[in-house]
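In what follows, a single structure is set out as structure tokens and then discussed.
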Amino acid sequence: MGSGIAQLTATHGYRVNLVDVNEEVLEEAILSMEKNLNRFFVAKDKITKEEAQNILNRILLFVNRDEAIKDAQIVIEAVFEDMALKQRLLSDLDKKCAKEVILATNTSSLSVTDMALKAKNQERIVGIHFFNPAPVMKLIELIKGKRTSNEILEQAKNFSESLNKTVVTVNDSPGFITTRLIYVLCNEAINMKQEGIASTEDIDTAVKLAFNFPMGPLELSDLVGNDIYLHIGEYLSEKFGENYQPSPLLIEMVKNNHIGRKTKKGFYNY
């Protein structure tokens, strides 16, 4: 998601400082962006090769986070969906960034209000939930934490719309709109698979053709990562009760490292 957001923002003219844990990860991110730009944009005559290179030229790579955030107007974090990790990161950014800088989280499910608790300037922390792949998907969920100021919310909306996205504004609640709904669909499809109601392929085909979805729920779970859906399910069931309890089959698959595309094995083999 981090590289996708970087590509998207650079495409729309912003200078981007992309930060990760080491140079190897950053080089992989650049190669991935170059491949995606050529495959989905240059090859389809949406942009020229020169324009693709200009996009990449606007992205600078950093391992040192403190260097990367100098003079930034907005900082978007896209680390793993772990509350303690995000709290530490946002608290540290709050200490080091100028007060006018927007601090945004790309969380897909965790409470923005809770994430901001350890920061002093909680009013500048907002959720900007991009969808995968960020350069293609049209929607952004803008999440207003309980302490997010209206001014920051408006600035974050203007920024999001400058990326040619449709923005929906959501009051902070676990899972927001989209993750809460899609988790229920995917988890129920996994329950159906476990109960032997239909094959993996037939469950996905039924959903795609009946509801005009581009991808079936089991395909989607593999794409997002079964480990991610398990993590989301554990969080939502903690907040909303046992109706959101992850499927026993999902728990078993993650235990066996059948995570999906990332491990080449999930509901499908890759």
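In table form, for the structure just shown:
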| read-out | value |
| --- | --- |
| Distance (nanometres) between label positions extended 7 Å along Cα→Cβ at Tyr14 and Asp92 | 2.1 |
| Computed helical MRE - 222 nm, the chain, DSSP H runs ≥ 4 contributing -39500 (n - 2.57), nearest 500 | -14500 deg cm²/dmol |
| Selection of GluC sites (Glu not before Pro), the stretch 235-270, meeting DSSP coil and at most 16 other Cβ within 10 Å | none |
| Sequence-distant aspartates and glutamates (8 or more away, or on other chains) whose Cα lies within less than 17 Å of Lys262 | Glu28, Glu81, Glu219, Asp222, Asp227, Glu252 |
| Dipole of the chain, positive end: most advanced residue of Val224, Phe240, Ala78 [Cβ charges, Cα centre] | Ala78 |
| Relative pair counts by distance (%), Cα atoms of the stretch 49-95, 10 Å bins | 19, 44, 26, 10, 1 |
| Global form of the stretch 44-186, assessed from the alpha-carbon gyration tensor, a/c cut-off 1.5 | oblate |
| Mean separation of Cα contacts under 8 Å (6+ apart) over length of the chain, as relative contact order % | 12 |
| Antiparallel %, DSSP beta bridges [both residues in the chain], to 5 | 25 |
| For Ile197, net neighbour charge (Lys/Arg +1, Asp/Glu -1) across residues whose Cβ lies under 14 Å away | -4 |
| Listed residues Arg180, Arg58, Arg39, most fluctuating in the chain (Gaussian network, C-alpha, under 10 Å) | Arg39 |
| Residue among Gly241, Gly225, Gly175 with the largest mean-square fluctuation in a Gaussian network model of the chain, springs linking Cα atoms under 10 Å | Gly241 |
| Anisotropy class of the stretch 167-257 from Cα gyration tensor, a/c 1.5 cut | oblate |
| GNM result for the chain, Cα springs below 10 Å: residue of Leu37, Leu181, Leu110 fluctuating most strongly | Leu181 |
| At R0 = 22 Å, FRET efficiency that the Cβ-Cβ distance of Arg58 and Asn164 yields, to 0.05 | 0.85 |
| Hits among lysines - C-alpha to C-alpha of Lys146 under 29 Å, sequence gap 8 or more where chains match | Lys70, Lys86, Lys95, Lys96, Lys99, Lys118, Lys120, Lys138, Lys157, Lys165, Lys239 |
| Amide N proximity, the stretch 189-231 versus Thr263 label position 7 Å along Cα-to-Cβ, cut-off under 18 Å | 190-191, 194, 218-231 |
| Space enclosed by the convex hull of the alpha-carbon atoms of the stretch 141-199, per residue, Å³ | 85 |
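Values quoted throughout were computed directly from the atomic coordinates according to the rules given, and no laboratory measurement underlies them. Source: prediction; values computed, not measured. So basically every Cβ, Gly included, is an ideal-geometry build from the backbone, and we count neighbours across all protein chains shown.
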